[in-house]
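J.: Could you have a look at this structure, given as structure tokens, before my questions?
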Amino acid sequence: MQTLTLNNGVTLNNGVQLPALGLGVFQTPPDETIAAVRAALDLGYRHIDTAAAYGNEREVGRAIHDSGVPREDIFIETKIWISDYGYDETLHGFDKSAAKLGVDRIDLLILHQALPSDFDKTLAAYRALEKLLADGKVRAIGVSNFMVDHLTALLGATSVVPAVNQLEIHPYFQQHDVLDFDDDHGILNQAWSPIGGITFYPGYGEGRRSVLEDPAVTAIAAAHGKSPAQVLLRWGIQEGRSVIPKSTKRHRIAENIDVFDFDLTADELTALDALETGRRGGPEPENVTLAAYGRAIPEA
């Protein structure tokens, strides 16, 4: 397993370098996105993760363009939504995202969800990603929220092994079966909600509790003079994952990147691993259908 640092990042399975930690902009309103991305780039972030379904690609692109940071120094990741699955539809989805971002090439383009009810459409979308990769329009391709059965079917029907699988990963929900499958096949595990933010969203349901307030997490944070969020990000990084915390507050954005000056002990890693509850915060993969989640992605 590769040890990740802010400077060396991680090498994807096609040789492309991905920064170990990035800024996520899920549920960041467009009018707050520009300031958040500008703050992140000013503070040293070089990886920004967005998605067509987030509705803020245009603002991410504007912030990058106006930042003064050379485009080649910034790693842009975005996602195709299920409504744009299908070969031609996904090729056009790339055109829409690239135009909104204001770029000719996207560093990492991934499928946002598997579509189990129409997996042929999912496969066609991935074949479009392979075409974009072959044509040099993207530097790497991958998937998000794909389970072992989805990955097995994908690998059996396509040619390019995904570089990344972006998943809900935090101490309360670790998905070890998927993590292990990805590790065995050279697919980087990338954590969304790496500090367990979804565990204290209103939609998490009855019995909601924040992993940031778990006594095991707060004790480790106190021992290192760090915040609980920094401990959870360090946990993900030390276990070889890419992490993409989300915040719109400059001081939190600064805090989240300040995780490369300490190490968790083996016992501390074990204690965090032991917090697994098996409770997913995001939608169940089998429930993702066009009828339930489909929505049109606007043109550029």
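The values are calculated or read from the model by the stated rules, or taken from the named source; none is laboratory data. Only a predicted model underlies this, so the values are computations on that prediction, with no experimental measurement involved. Because the Cβ atoms are built from the backbone with ideal geometry, glycine has one as well, and the counts that use them run over all protein chains shown. The accessibility values were calculated without ligands, DNA or RNA, using every heavy atom of the protein model including side chains. Shrake-Rupley method; radii C 1.70, N 1.55, O 1.52, S 1.80 Å.
J.: How many residues are of a type in the set (S, T, N, Q) and assigned to a loop (DSSP other than H, G, I, E, B) when one looks only at segment 82-105? Give the derivation first.
T.: Narrowing segment 82-105 to residues of a type in the set (S, T, N, Q): 83, 90, 97.
Filter once more, keeping what is assigned to a loop (DSSP other than H, G, I, E, B): none.
Of the residues in segment 82-105, 0 are of a type in the set (S, T, N, Q) and assigned to a loop (DSSP other than H, G, I, E, B).
J.: Among the numbered criteria (1) more than 21 Å from Gln190 (Cα to Cα); (2) hydroxyl-bearing (Ser, Thr, Tyr); (3) touching a residue at least 60 places away in the same chain (Cβ under 8 Å), which one does Thr28 miss?
T.: Tallying (1) more than 21 Å from Gln190 (Cα to Cα); (2) hydroxyl-bearing (Ser, Thr, Tyr); (3) touching a residue at least 60 places away in the same chain (Cβ under 8 Å), Thr28 fails exactly one: (1).
J.: Tell me the residue from Ala125, Ala153 that is of a type in the set (A, V, I, L, M, F, W, C), assigned to a helix (DSSP H, G or I) and in contact (Cβ under 8 Å) with a residue 40 or more places away in the chain, please.
T.: After ruling out the rest, the residue left standing is Ala125.
J.: Out of all the residues in segment 139-150, which are in a strand (DSSP E or B) and crowded, with 24+ Cβ neighbours inside 10 Å?
T.: Going through segment 139-150, the residues in a strand (DSSP E or B) turn out to be 139-144.
Of everything in segment 139-150, those that are in a strand (DSSP E or B) and crowded, with 24+ Cβ neighbours inside 10 Å turn out to be Ala140, Ile141, Gly142, Val143.
J.: Another question, if that's okay. Residue check, Thr78 against (1) part of a strand (DSSP E or B); (2) modelled with pLDDT under 95, all met but one. Which one?
T.: Thr78 satisfies all of (1) part of a strand (DSSP E or B); (2) modelled with pLDDT under 95 except (2).
J.: Next up: Which of (1) part of a loop (DSSP other than H, G, I, E, B); (2) open to solvent by less than 40 Å² (accessible area, probe 1.4 Å) does Leu232 not meet, given it meets every other one?
T.: Exception for Leu232: condition (1).
J.: May I pose another question? When you look at Arg241, is it basic (Lys, Arg) and either under 22 Å from Gln166 (Cα atoms) or exposed (fewer than 15 other Cβ atoms within 10 Å of the Cβ) (or both), yes or no?
T.: Considered against the rule, which asks whether it is basic (Lys, Arg) and either under 22 Å from Gln166 (Cα atoms) or exposed (fewer than 15 other Cβ atoms within 10 Å of the Cβ) (or both), Arg241 comes out as yes.
J.: Before we move on, is Asp118 surrounded by fewer than 23 Cβ atoms within 10 Å (Cβ to Cβ) and more than 20 Å from the chain's Cα centre (by Cα)? Full working, then the answer.
T.: On the way: surrounded by fewer than 23 Cβ atoms within 10 Å (Cβ to Cβ): yes; more than 20 Å from the chain's Cα centre (by Cα): yes.
Judged against the criteria, Asp118 is a match.
J.: Moving on to the next point. Do we find that Ala40 is touching a Gly at 6+ places or on another chain (Cβ under 9 Å), at pLDDT 95 or above and among the small types (Gly, Ala, Ser) in this structure?
T.: It is true that Ala40 is touching a Gly at 6+ places or on another chain (Cβ under 9 Å), at pLDDT 95 or above and among the small types (Gly, Ala, Ser).
J.: Consider Glu206 against the criteria (1) modelled with pLDDT under 95; (2) among the charged types (D, E, K, R); (3) in contact with a strand residue (DSSP E or B) (Cβ under 7 Å, 6 or more places away or on another chain): it satisfies all of them except one. Which criterion is unmet?
T.: Among (1) modelled with pLDDT under 95; (2) among the charged types (D, E, K, R); (3) in contact with a strand residue (DSSP E or B) (Cβ under 7 Å, 6 or more places away or on another chain), the lone unmet condition for Glu206 is (3).
J.: Go through segment 9-37 and give me each residue that's open to solvent by 70 Å² or more (accessible area, probe 1.4 Å) and either in contact with an Asp or Glu (Cβ under 6 Å, 6 or more places away or on another chain) or not acidic (Asp, Glu) (or both).
T.: Initially, segment 9-37 is screened for residues open to solvent by 70 Å² or more (accessible area, probe 1.4 Å), giving 13-14, 17, 26-27, 31-32.
Hits for segment 9-37 are Asn13, Asn14, Gln17, Phe26, Gln27.
J.: When the residues of segment 245-284 are filtered to those that are outside any loop (DSSP other than H, G, I, E, B), in contact with a helix residue (DSSP H, G or I) (Cβ under 7 Å, 6 or more places away or on another chain) and farther than 27 Å from Glu32 by Cβ, which remaining residue is least open to solvent (accessible area, probe 1.4 Å)?
T.: Ranking the candidates gives Leu272 first.
J.: If you take the residues of segment 151-176 that are within 18 Å of the chain's Cα centre (by Cα) and open to solvent by 10 Å² or more (accessible area, probe 1.4 Å), which of them is nearest to Glu276 (Cα to Cα)?
T.: Here is the first cut: in segment 151-176, the residues within 18 Å of the chain's Cα centre (by Cα) are 151, 161-176.
Still in the list and also open to solvent by 10 Å² or more (accessible area, probe 1.4 Å): 161, 173, 175-176.
Numbers: Val161: 28, Phe173: 6, Gln175: 9, His176: 10 Å.
Going through the qualifying residues, I end up with Phe173.
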